[in-house]
Amino acid sequence: MDTKRKIRVLATKPGLDGHDRGIKVIANALMDAGMEVIYTGLRQSPEQIVETAIQEDTDVIALSILSGAHDFLFPKIMELLKGKGVDDILVIGGGIIPDEDIPSMKEIGIAEIFGPGTYTDDIVKYIENNLKR
Amino acid sequence: MFDEKDIGEIKEEYKKWSDKLEPKLAKRPERKADFANTSGIPLKRVCTPLDMADSDYMKEVGLPGEYPFTRGVQPTMYRGRFWTMRQYAGFATAEDTNKRYRFLLDQGQTGLSVAFDLPTQIGYDSDHPLAQGEVGKVGVTIDSLKDMEILFDQIPLDKVSSSMTINSPAAILLAMYIAVAEKQGVASKGLRGTIQNDILKEYSARGTYIFPPKPSMRIITDIFSFCSQEVPQWNTISISGYHIREAGSTAVQEVAFTLADGIAYVEAAIDAGLDVDEFGPRLSFFFNAHLDFLEEVAKFRAARRLWATIMRDRFKAKDPRSMMIRFHTQTAGCTLTAQQPKNNIVRVAFQALSAVLGGTQSLHTNSMDEAFALPGEEAVQIALKTQQLIAYESGVTDTVDPLGGSYYIEELTKEIFDRASAYIDKIDELGGAAEAIEKGFIQREIQDSAYRYQREIEKDERIVVGVNKFQIEEEAPKDLLRVDPAVRLSQIEKLKELRKERDNGRVKDILSELKKAAEGNDNLMPIIVDAVKAYGTLGEICDALREVFGEYQPVSTIG
């Protein structure tokens, strides 16, 4: 990775839920840690998310969902990325994701799931250590 | 408030006491250099009559049931009757949720509170592409009057009051409720309940908006006007600080932003030609019960006093009922931890107690498992029992406003009142709540507070038991409530059936009538009632309005 370029993160809310406290806190923390954050706002379709990530050339996609729709939306997003031949974006997720769902989420390529109580510093470190490019 | 001689004596004694303490503090300092609550209000070591020396008891505190209602909106409060125990519930289909309601009513719950799924809240039928993955997840899914008939099956709407957390499509769900009641033989004039119908906090904190502010405000004032004639016992709006607090605000901001929204609704209704005392008594509010116990008690008291002064002095209301802030409270979902979830039972208990000591009219207590999923039956039961324990066992309900007169509580009430008033002045300067949201001011204030709160936890300046102190190894919870994705498919089937059975020509005619009315100034409510009775779907009715009103484009406040 070009050392001068800041890490670019797409912070986004797939689906219809309006709980954006967590993702905004994380967006602020990532910016404080020197990353560049593109926050999409609410109600992003999987297609919009993948398109924005590619257009903005982001290194990371951070997905936040609290409605329980991750079981449909996360696989859909990963499928679209694969379809576009994108395999070098680090995709992480968070929100209300039951522990028992985490293995299946990792299987489809979500690198890590961050639940309630996670420290923002841990997310910063995780991103810095796990970039795919 | 006190005799001058007494005050002089207390001052002297207080001075002596402080001087005596100094050397001790030098040797053994207190736990923190500065004590402050979540609103950033500095907290004194001890409060005394000196803090109340300048206060005017009758003007600022008064008696229960009397202006400025600091001590409560009724003269006897819980000596007369307890608050309404109202658990927010809804998931999957109308059939599933109807079963949960009847279970809760059997358990001694005294009112219903409907949680709708996100497609319903945003005005999409279950067969809409954006509804994929969301149908029935965070609440019950309602596509048409058919579902609503099932939801309230065998629940007598003349006896039970229902609160519905619905905002942009509130008019449609209210119309369905009226239609279901009619089928049960209950006239709309006998219906009691609440629709949330608070669009401004959707823009600033909750996110289930559909239309832009102007037409949204018009739908709201149409509802006010319709209900004042047709559903006179209905609470036409529940002006909500709950979600503002959940989004991260402080207690002071919760009061300020909620009442600023309230001001905007009152202004809109007056501009629409309504009389303040006609709709004022039907305005209701919704607050959060957060962790800082005494700050919360004071917050509720301050909110009552502030709204009373706003309605009387700013809007010249004459009817005391217009000046009363009647409110529902829910314990703070954002304070529930995924770590050591049983601790949440205790958190909820003292949050609920703060709401009761703050004089709430109804209460929802959260379930311990809500940091993982929708609550299971056992967790809901404990949550409801918590309210029953407070009501029947704790004894706090036998005297009105038992903390009133505490030097500390009165001081804190005054402080929250003053600080929230200052915020409202600032919002007035920005052009009112709708403008302040359009400028991103309110969103930024909330997100800054949320970020500060999180950093405090991460720096161990704020302790969360089980999260940053007193952690233990534990297993992940099992048997969480899950909604079957097949719910969407069965709803799609139901919709297909419906569109086959109903008089489609009639639905089409009513929808074009609705569009015409939306372009003009006629009240939309009667046409919406016709539309739902003809089994027009929620999505179809919202689409008709979208065509005329367009959709809200949020402002970005990050970066």
Report task. May I ask you to list the residues in segment B:246-298 that are within 14 Å of the chain's Cα centre (by Cα) and charged (D, E, K, R)? Result -> B:246, B:254, B:261
Query - Selected residue [among the aliphatic types (A, V, I, L, M) and touching a residue at least 40 places away in the same chain (Cβ under 8 Å)] from B:510, B:528, B:463, B:457 - result: B:528
Query raised in the report: From the list B:511, B:489, B:498, which residue is modelled with pLDDT of 95 or more and within 22 Å of residue B:220 (Cβ to Cβ)?
Result: B:511
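Can you tell me which residues in segment B:48-98 are in a loop (DSSP other than H, G, I, E, B) and either touching a strand residue (DSSP E or B) at 6+ places or on another chain (Cβ under 8 Å) or charged (D, E, K, R) (or both)? Reasoning before the result, please.
As a first pass, look at segment B:48-98 and keep what is in a loop (DSSP other than H, G, I, E, B): B:48, B:53-56, B:61-76, B:80-83, B:86-87, B:90-93.
Correct list: B:54, B:56, B:66, B:71, B:81, B:83, B:86, B:87, B:90, B:91, B:92, B:93.
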**Report entry** Selection within segment B:108-164 - among the hydrophobic types (A, V, I, L, M, F, W, C), more than 12 Å from chain A (Cβ to nearest Cβ) and assigned to a helix (DSSP H, G or I)
**Finding:** B:145, B:148, B:150, B:151
Query raised in the report: Mind checking which residues of segment B:438-487 are touching a helix residue (DSSP H, G or I) at 6+ places or on another chain (Cβ under 7 Å) and charged (D, E, K, R)?
Result: B:445, B:458, B:462
Report task. Would you be able to say whether some residue in segment A:57-67 is more than 14 Å from every other protein chain (Cβ to nearest Cβ), surrounded by 20 or more Cβ atoms within 10 Å (Cβ to Cβ) and of a type in the set (D, E, K, R)? Result -> yes
Requested in this report: Just give me the residues in segment B:499-529 being part of a helix (DSSP H, G or I) and crowded, with 18+ Cβ neighbours inside 10 Å, in sequence order.
Outcome: B:507, B:510, B:511, B:514, B:517, B:518, B:525, B:527, B:528, B:529
Query - Checking residue A:11 against (1) assigned to a strand (DSSP E or B); (2) in contact with a Pro (Cβ under 7 Å, 6 or more places away or on another chain); (3) of a type in the set (Gly, Ala, Ser), the condition it does not meet - result: (2)
Query raised in the report: Does residue A:70 qualify as being within 12 Å of chain B (Cβ to nearest Cβ), surrounded by 23 or more Cβ atoms within 10 Å (Cβ to Cβ) and touching a Ser or Thr at 6+ places or on another chain (Cβ under 9 Å)?
Result: no
Query raised in the report: Within segment B:536-559, can you find the residues that are within 14 Å of chain A (Cβ to nearest Cβ) and either in contact with a Lys or Arg (Cβ under 9 Å, 6 or more places away or on another chain) or part of a loop (DSSP other than H, G, I, E, B) (or both)?
Result: B:551, B:552, B:553, B:554, B:555, B:556, B:557, B:558, B:559
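Regarding residue B:312, is this residue part of a helix (DSSP H, G or I) and either under 19 Å from the mean Cα position of the chain (by Cα) or over 30 Å from residue B:2 (Cβ atoms) (or both)? Break it down into steps so the answer makes sense when it comes.
Numbers: part of a helix (DSSP H, G or I): yes; either under 19 Å from the mean Cα position of the chain (by Cα) or over 30 Å from residue B:2 (Cβ atoms) (or both): no.
Answer is no for this residue.
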Report task. Report whether or not residue A:21 is within 14 Å of another protein chain (Cβ to nearest Cβ) and in contact with a Gly (Cβ under 6 Å, 6 or more places away or on another chain). Result -> yes
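The values are calculated or read from the model by the stated rules, or taken from the named source; none is laboratory data. Keep in mind the model is a prediction, meaning the values are calculated, not measured. Positions of Cβ are backbone-derived with ideal geometry, glycine not excepted, and every protein chain shown enters the neighbour counts.
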